[in-house]
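These notes concern the structure reproduced below.
The values are calculated or read from the model by the stated rules, or taken from the named source; none is laboratory data. Owing to the predicted nature of the structure, the values given are computational and were not obtained by experimental measurement. We place every Cβ from the backbone using ideal geometry, glycine too, and count neighbours over all the protein chains shown. Areas reflect the complete protein model, heavy atoms only, side chains present, ligands, DNA and RNA absent. Shrake-Rupley method; radii C 1.70, N 1.55, O 1.52, S 1.80 Å.
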Amino acid sequence: MGNAMLQVENLVKHYGDVQAVRGVSFSVEEGEVFGLLGPNGAGKTTTVEILEGLRTLDSGRVSVCGLDPQEKPQELKQEIGAALQSTSLPDKLRVMEALRLFASFYKRRRRPEDLLKRFGLEEKRNTFYNQLSGGQKQRLALAMALVNDPKVLFFDEPTAGLDPQVRREIYDIIEELRREKKTIVLTTHYIEEAERLCDRVAIIDHGKVIALGTPRELKSRAGATTRVEVRLSKPESNGIMKNLEGVVDVREVDGAYVLHSQRPPQTIVSLVKHLEAQGNELVSLEIATPSLEDVFIEMTGRRLRD
Amino acid sequence: MSNFASLTEMRIRLALRNKMFFFFSIVMPFIFFFGYLGFFGKSVPAGAAYFLGPVLALNVMGSFWGLSATIVMFREQGILRRFHVSPVTTSDILASSVVANLALTLPTVIFELLLAGLIFHVHTLHNLLGIFVLVAIGTISFASLGLVIASITNTMQETQVLNQLIWLPLVFLSGATFPLAYLPKVVQRVGLFLPATYLVNAFQQVIVNSATALSRYTEIASLVCWAILTFFLSMQLFRWEPETKIPRRAKLLVASTAIPFLLLGIWENRIDRILRESQTAFAAFQTALDSLRPAMRMSIQSGNAVNPSNHAPK
């Protein structure tokens, strides 16, 4: 166990009669990328905004970098960096001015020049904010989150509303930060994002954490099965395939066998043994691991993007 | 550099890049300036001096208009939200707004004072210190009013409606557009409850009669009181997020800012000091214009003298 950079215990938040967050707990270690995955309105943003000191909590305990966001909001804000949802900058502020302005608010600063270079905004340094493309605005938002070389970064839906190519650009940036061992809390409703970028994920639904662990753990724990698709030189009966180790279901599709396995390594070993004994041969093999979407469906009976 | 200083610099920079600012804060004041001093003041020193006060007051009071709109826009667009997650505080945002406004108002005022001296030969500007004290306190108090308006409205449209509702009585009942003494007696008495009336009168006394800032202590003290009250209130009611609701107590708190001028208005309605001062100033202005008339009459007569029809019957 490393040092917990961030701790949340039994966090509760109401908006009037609506219970947005109902007893969320998790902790994030130093150098970890932690994802909050869930549908819109699940309470991810509210949770993150409480951690950033933007909102008050109703009950529970929260600590970020050892600070209580409600008691020491100013000290906390010196230590964190954030790219929030639905924020913007004045239309007629230039890129470089924005970085300089925000850098001036912090005791610890990075050179705005370096950030421009790193985020590919050098050519846009004198461009007004309202003349930037969506991807450039988001890159600037990420660059601005780094002006104080923060201990913890919060990215709230960093790729929402961006086209696929720009989204990949943002993934590359976040992966680079991950390699640098930055502590990052990331909220998303994209499965791909959580699986690709996060060390650990908390799946949130209706204000509660319904599953927590590494993407791999979550998938195996939820009983989600791996899809093993094989083509054989000679046909085999479905009954034999079903009796292979770990297999829970078999279907024949276009001459290929689609096996759903809970323990793919064992399934493959027993398949190969069986084929050898029968003098049969394996023509092709494809393995598709389950996604967190499957986990979400398993836990809630709904798709994530409803 | 402190947060306050860098925010002030940003606000000034953004205002100078804004076409609306250019029109409302630079073009309009000079239209008023030349209109009032040249046309209504008949381009004579006494007339120009009489109207310089209301023109400066209009200039200074206008600060609340743009400021409330800017803050509401910043909130609606999520710009304040971005600042909120940085170490910037409420007082950084509000104080920088007021100071940037003052910094943007000063060049126009200085230019107007120079033109008043050079073009209109207003030579009673002995008490520049008094004028600048009034410009500062006027801008600060009306800018704070703008901050309060921004806090108690949710959308740009609401803000503009409220701005209009406040602006019209302020400029029409205070002597800023029509001289107070020229208005019906009842309207004059209502005007005594408005901060604008005291600002206009103080400007006029300092410019026309070279009164010292110290001698205008009633006006200055009441405007200072009001500025502190409104600024404090804007701190209490400030909202970073568009979703945050306006608290119920807001109405009560906003009503409380009327107290200083309610009390002063009652007092002034009893002693009639401001009304007498404004009448004396207006009378002096009319006498000055009247003294022009004989000259004008003479020029007409001499013009007639040239007319052959006048010569003929002799």
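Normalising the Debye intensity of region A:225-289 to I(0), with uniform scatterers on Cα atoms only, and taking log10 at q = 0.14, 0.21, 0.29 Å⁻¹ returns -0.32, -0.76, -1.57.
The order of the peptides B:6-19, A:148-161 by mean Cβ neighbours within 10 Å, most packed first, is A:148-161, B:6-19.
In the protein assembly as shown, carbon and sulfur make up what percent of the accessible area (probe 1.4 Å)? C and S atoms contribute 58 percent here. The accessible-area ordering, largest first, of the residues B:Cys225, A:Cys198 stands as B:Cys225, A:Cys198, per a 1.4 angstrom probe. Taking A:Val8, A:Val18 and ordering them by how much accessible surface each has at a 1.4 Å probe, largest first, produces A:Val18, A:Val8. Sorting A:69-81, B:102-114 by average packing, meaning the other beta carbons within 10 Å per residue, from highest down gives A:69-81, B:102-114. For peptide B:64-77, the mean count of partner chain Cβ atoms within 10 Å of a residue's Cβ comes to 1. The accessible area of B:Ile246, taken with all protein chains in place and a 1.4 Å probe, comes to roughly 60 Å². Note on region A:225-289: with charges restricted to the Cβ of Lys and Arg (+1) and Asp and Glu (-1), its dipole about the Cα centre is near 120 debye.
By Kyte-Doolittle mean hydropathy of at least 1.0 and Cα axial length of at least 30 Å, which whole DSSP H helices of chain B are selected?
Length and hydropathy pass: B:90-118, B:128-151.
In summary, the lysines within cross-link reach of A:Lys208, defined as a Cα separation below 19 angstrom excluding same-chain residues under 8 places away, comprise A:Lys13, A:Lys44, A:Lys219. In terms of overall dimensions, the C-alpha atoms belonging to region A:4-220 reach 46, 38, 33 Å along their principal axes, ordered largest to smallest. Take every residue in peptide A:83-92, count the Cβ atoms of other chains within 10 Å of its Cβ, and give the average of those counts. Whole-number average of other-chain Cβ neighbours for A:83-92 is 6.
Using only the Cα atoms of region B:2-101, what semi-axes does the equivalent ellipsoid have when each is the square root of 5 times a gyration tensor eigenvalue? Give whole Å, largest first. Mind showing how you got there, number by number?
Details: eigenvalues 247, 32, 20 Å².
Gyration-tensor ellipsoid for region B:2-101: 35, 13, 10 Å.
The solvent-accessible area of B:Met73, taken with every protein chain present and a 1.4 Å probe, is close to 60 Å².
Work out the length of the dipole vector of the protein assembly as shown about its Cα centre, built from +1 on the beta-carbon of each Lys and Arg and -1 on the beta-carbon of each Asp and Glu, and round it to the nearest 20 debye.
2240
Measuring with a 1.4 angstrom probe and ignoring ligands and nucleic acids, B:Tyr182 comes out at about 150 Å² accessible. By the helix-only formula, in which each DSSP H run with n ≥ 4 contributes -39500 (n - 2.57) and the sum is divided by residues, chain A has a 222 nm mean residue ellipticity of -9500 deg cm²/dmol. Considering the options B:Val254, B:Gln188, B:Ile119, tell which one lies farthest towards the positive end of the dipole of chain B, charges being +1 on Lys and Arg and -1 on Asp and Glu at the Cβ, about the Cα centre. Farthest towards the positive end: B:Gln188. Taking the longest Cα principal axis of chain A as reference, the axis of helix A:134-145 is set at about 70 degrees. Note on the protein assembly as shown: the C-alpha convex hull projects to 41.7 nm² when averaged across all orientations.
Once you average over the residues of B:175-186, how many Cβ atoms of partner chains fall within 10 Å of each Cβ?
Average neighbour count from other chains, rounded to a whole number: 0.
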